[in-house]
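Presented below is the structure to which this report refers.
The values are calculated or read from the model by the stated rules, or taken from the named source; none is laboratory data. For clarity, every value in this text was computed on a predicted model and none was experimentally measured. No Cβ is skipped: glycine too gets one built from the backbone with ideal geometry, and neighbour counts run over all protein chains shown. Side chains are part of the model used for accessible areas, which takes the heavy atoms of the whole protein and leaves out ligands, DNA and RNA. Shrake-Rupley method; radii C 1.70, N 1.55, O 1.52, S 1.80 Å.
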Amino acid sequence: MLIYALVMVLSKYKLIMSDLDNTLLPIYTQDEFVQIWFRDISKVFRAYGLDPVKAASGVNQGIRAMLYNDGSRKNIEVFYDEVEKICGYTREQIEPPTLEYYTTTFENVYDITLPNPFAVRIAELMREKAKYAVIATMPVFTIEAVAMRMGWVGLKPEMFDLVTTAHTSSYCKPNPQYFQEILDRFGTKPEEALMIGNDVREDMYPCKELGVDTFLVTNHIITHGLPHDDFRQGRYEELVAFLEQL
């Protein structure tokens with residue numbers, strides 16, 4: 001216990017967060033992801049006797065509504081309210097087929113992902129170099145959907161202190177309050193935290209606004225045309241080296 005306490009005193013960060021998609025889990029293209037999602041979830045809705053186009057449209061709009069959540073409710077509550085408003089299906093009707101999809105057919109998305117031999121090592125270093133380790137992924141999915149995606153690069157939710165989902169978060173990226181909610185959860189000051197991500201707009205700028213330290217992973221970088229030279233950055237090998245020397 002004394003050695004662990006000493007390590008925590010010497011560590012630069014109390015909390016290390018990492019994005020998932022295109023940071024730890026490389027994905028070919030977002031467009032192809034959406035196409036596969038719509039095709040497969042529509043089949044599950046049909047099997048449950050729901051109009052597949054209407055149900056999928058409602059779910060799509062529900063996801064969009066979560067992106068603009070103002071923090072007054074958890075994202076999952078915003079999602080189901082919007083689904084019912086758009087397509088008329090209640091949570092009791094939509095939840096079972098959605099859960100089935102994310103624990104079965106969602107596996108098809110694996111076909112458009114790439115391996116990341118550094119993912120497990122990065123996760124190990126996050127645990128080793130900070131008191132708290134968090135997967136700070138866009139919180140519009142359930143834990144089942146996130147856990148499946150994590151598994152494709154050898155990760156499990158239990159390796160982390162928190163995996164953000166629609167049930168845990170009240171905001172979405174790039175709202176800085178999404179990250180502030182995580183900081184508050186672990187009693188962490190911005191200067192005690194590090195965010196690892198590949199998206200300049202969604203990960204880097206909101207953390208910079210809060211005063212959270214950042215590492216921009218460039219293997220699958222998304223810039224949205226924004227300046228990013230001032231951010232600490234590098235490929236997976238350089239991220240591992242950076243974490244190892246903390």
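Quick rundown of the values:
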quantity	calculated
Residue (of V153, L15, I76) at the positive-pole extreme of the chain, dipole from beta-carbon charges	L15
Per-residue [θ]222 nm for the chain (sum of -39500 (n - 2.57) over DSSP H runs n ≥ 4, rounded to 500)	-14000 deg cm²/dmol
Proximal aspartates and glutamates to K14, defined as alpha-carbon separation beneath 20 angstrom and excluding residues fewer than eight positions away on the same chain	E124, E128, E158, D161, E181, D184, E191, E192, D203, E209, D213, E244
Solvent-accessible surface (1.4 angstrom probe) belonging to R39, in square angstrom, nearest 10	110 Å²
Using θ = phi - 60° and Karplus 6.51 cos²θ - 1.76 cosθ + 1.60, couplings along the range 61-70 (whole Hz; Gly, Pro as x)	5, x, 5, 4, 5, 4, 4, 10, 4, 8
For the chain, size of Cβ-based charge dipole, Lys and Arg +1, Asp and Glu -1, in debye	220 debye
Built amide H within the under 5 Å cut-off of D213, gap 5+	A193, M195
Rounded to the nearest 20 debye, dipole of the range 158-246 from Cβ charges on Lys, Arg, Asp, Glu	220 debye
Share antiparallel - DSSP beta bridges, the chain, percent rounded to 5	5 percent
The chain - accessible surface per residue (Å², probe 1.4 Å)	47 Å²
Phi to ³J(HN,Hα) by Karplus 6.51 cos²θ - 1.76 cosθ + 1.60 over the range 86-92, Hz, x for Gly, Pro	7, 10, x, 7, 7, 4, 4
Accessible area of the chain belonging to carbon and sulfur atoms, whole % at 1.4 Å probe	53 percent
Pairwise centroid distance, computed over Cα atoms, of the range 38-110 with the range 152-174, Å	19 Å
Inter-label distance for Q245 and F38, nm, one decimal - labels placed 7 Å from Cα along Cα-to-Cβ	4.6 nm
In order through the range 103-119: 3J(HN,Hα) via Karplus (6.51 cos²θ - 1.76 cosθ + 1.60), integer Hz, x for Gly, Pro	10, 9, 4, 4, 4, 4, 5, 3, 4, 10, 9, 10, x, 9, x, 9, 4
